[in-house]
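Below is one structure, written out as structure tokens; comments come after it.
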Amino acid sequence: MEVNGYKIEPGANLAGAVLKRANLAGANLKGADLSGSNLTGANLKGADLSEANISLTNFQSADLSGAKLANLKNTTRADLSHTFLIEADLSQSVLQGVYLHDSDLSRANLSNSDLRWATLENSILRGANLSNARFEGANLIEANLAKASISGTIFGNANLQWAMMPDGTTHD
């Protein structure tokens, strides 16, 4: 598959690629280098980006619903704000400091992921699997965690002000 002159395949070198609003639904980009790429508004529904390098990548307003983003390790300053990550698999990923504010992560799998210092302000994590995830120092102001699974999750020093907790109560 080729999009905007870029070859879309597992392990592809797409560093610095401009793929704004590209239709990459179902694409196999497992282990690809997307560092510094611009995927603003792209359709990545059901795509496989597991083990990809997404450091400095801009996914703002992209649709990653049902996408596989498991085992991500290179995510420095990735911007996933305003994205749809509904039912996405982000398990076992290092997402330290990643921007996920105003994103919809409903029913997403974030189990065993490291989200220390991540920004998830106003994000929807309704019904998400957050088991054994780390959120130390994360910004979860006004996040919706209703019905999320938080068994073994660490929230040390996370800002949960006005967040809706799994039991439906609002954190002060």
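The values are calculated or read from the model by the stated rules, or taken from the named source; none is laboratory data. Since this is a predicted model, take the numbers as computed values, not measurements. Reconstructed Cβ throughout: ideal geometry from the backbone, glycine too, with neighbour counts over all protein chains shown.
Kindly provide the set of residues from segment 41-73 that are of a type in the set (S, T, N, Q) and within 14 Å of the chain's Cα centre (by Cα), ordered by number.
Passing the criteria: 50, 53, 55, 57, 58, 60, 61, 65, 71.
Identify all residues within segment 153-165 that are surrounded by fewer than 19 Cβ atoms within 10 Å (Cβ to Cβ) and assigned to a loop (DSSP other than H, G, I, E, B); write none if there are none.
Those that are surrounded by fewer than 19 Cβ atoms within 10 Å (Cβ to Cβ) and assigned to a loop (DSSP other than H, G, I, E, B): 156, 157, 161, 162, 165.
Condition check: buried (at least 23 other Cβ atoms within 10 Å of the Cβ) and at pLDDT 95 or above. Does residue 62 satisfy that? Spell out the reasoning first.
Working: buried (at least 23 other Cβ atoms within 10 Å of the Cβ): yes; at pLDDT 95 or above: yes.
Yes, satisfied.
When segment 79-114 is examined, which residues are found to be of a type outside the set (Ser, Thr, Tyr), in a loop (DSSP other than H, G, I, E, B) and surrounded by fewer than 23 Cβ atoms within 10 Å (Cβ to Cβ)? Outline the logic, then answer.
Pass one, segment 79-114, residues of a type outside the set (Ser, Thr, Tyr): 79-80, 82, 84-90, 92, 94-98, 100-102, 104-105, 107-110, 112, 114.
Then keep just the ones that are in a loop (DSSP other than H, G, I, E, B); that gives 80, 82, 85-88, 90, 92, 95-98, 100-102, 105, 107-108, 110, 112.
Result: 82, 86, 87, 92, 96, 97, 101, 102, 107, 112.
Which of the residues spanning segment 89-140 are under 18 Å from residue 161 (Cβ atoms) and in contact (Cβ under 8 Å) with a residue 24 or more places away in the chain?
101, 119, 139
List the number of the failed condition for residue 168; all other conditions in (1) within 23 Å of residue 48 (Cα to Cα); (2) at pLDDT below 95 hold.
For residue 168, the failing item is (1).
Tell me which of these residue 150 doesn't satisfy, since it passes every other one: (1) surrounded by fewer than 22 Cβ atoms within 10 Å (Cβ to Cβ); (2) touching a Pro at 6+ places or on another chain (Cβ under 6 Å); (3) within 29 Å of residue 43 (Cβ to Cβ).
The number of the failed condition is (3).
Looking for whichever is modelled with pLDDT of 95 or more, touching a Pro at 6+ places or on another chain (Cβ under 8 Å) and on the phi < 0 side of the Ramachandran plot here; the options are 160, 145. Which one fits? Explain how you work it out, then say what you get.
Values: 160 fails: touching a Pro at 6+ places or on another chain (Cβ under 8 Å).
145 is the lone residue from the list that is modelled with pLDDT of 95 or more, touching a Pro at 6+ places or on another chain (Cβ under 8 Å) and on the phi < 0 side of the Ramachandran plot.
How many residues does segment 115-141 contain that are surrounded by 18 or more Cβ atoms within 10 Å (Cβ to Cβ) and either farther than 14 Å from residue 100 by Cβ or not hydrophobic (A, V, I, L, M, F, W, C) (or both)?
Final tally of qualifying residues: 10.
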